[in-house]
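Okay, structure first, notes after.
The values are calculated or read from the model by the stated rules, or taken from the named source; none is laboratory data. All of these numbers come straight from a predicted model, not from anything done at the bench. With ideal geometry, Cβ positions are generated from the backbone for all residues, glycine too; neighbour counts draw on all protein chains shown.
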Amino acid sequence: MLLEVSRVSDVGARPPMAWSFIRDVARLSACIPNISDLETIEADRRYSAVVSDQLGPFKLSVPVEIELAAVEAPHHIEAAVTGSDRLRQARIKGTLGVQIQPLESGTRIALSMRMEILGKLATLGAAPMRRRADEIFSRFARCVQAELGTA
């Protein structure tokens, strides 16, 4: 099952400050709900973390690897994400993207996610996963706005 979500958030910080925030993996990951155990595998390139959540009857803890696939400073980052939980209820593979655009009064941050979800979790279907992803992206956007100010 393919899940695609995007969200745009305008913040009060100027683009260099927004870029600095996006490149600070520890600070950025603190804004992503349900992420823990972030570790650097290769500085500025590869990371690991655990994504935990409950969706319907599934309580998941999925170790993931994140690899920066493209970095075009100071306006675009794309990362590849892969992971599988121990019980084989969920396997994920996809991309996360961040685009930074200057505004008169701050910066527009566009977030995108494109994930292929396999395993038992995929049996839930797209609608509940899309609702959960939208909720997580909304919480993330609010945290980013709290960190960088609203536009």
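Within region 1-45, the set of residues being within 13 Å of residue 143 (Cβ to Cβ), under 16 Å from the mean Cα position of the chain (by Cα) and in a strand (DSSP E or B) comprises 7, 9, 35.
When every residue of region 36-52 is checked against the conditions, none turns out to be at positive phi and touching a residue at least 60 places away in the same chain (Cβ under 8 Å).
Give the residue, chosen from 79, 90, that is hydrophobic (A, V, I, L, M, F, W, C), closer than 19 Å to residue 137 by Cβ and at pLDDT below 95.
Among 79, 90, only 90 is hydrophobic (A, V, I, L, M, F, W, C), closer than 19 Å to residue 137 by Cβ and at pLDDT below 95.
Only a single item in (1) at pLDDT below 95; (2) within 17 Å of residue 91 (Cα to Cα) is not met by residue 63, and it is number (1). Within region 69-89, restricting attention to residues that are assigned to a strand (DSSP E or B) and among the acidic types (Asp, Glu), the residue that is surrounded by the fewest Cβ atoms within 10 Å (Cβ to Cβ) is 72.
Here is a check on your reading of the model: is residue 62 touching a strand residue (DSSP E or B) at 6+ places or on another chain (Cβ under 8 Å) and surrounded by 18 or more Cβ atoms within 10 Å (Cβ to Cβ)?
Spelling it out, residue 62 is indeed touching a strand residue (DSSP E or B) at 6+ places or on another chain (Cβ under 8 Å) and surrounded by 18 or more Cβ atoms within 10 Å (Cβ to Cβ).
The C-beta contact set for region 90-102 (first residue assigned to a loop (DSSP other than H, G, I, E, B), second residue crowded, with 17+ Cβ neighbours inside 10 Å and of a type outside the set (S, T, N, Q), distance under 7 angstrom, 6+ apart or interchain) comprises 90/60; 90/62; 90/117; 90/119; 90/121.
Selection of region 110-132 for residues being in a strand (DSSP E or B) and crowded, with 17+ Cβ neighbours inside 10 Å yields 111, 113, 115, 117.
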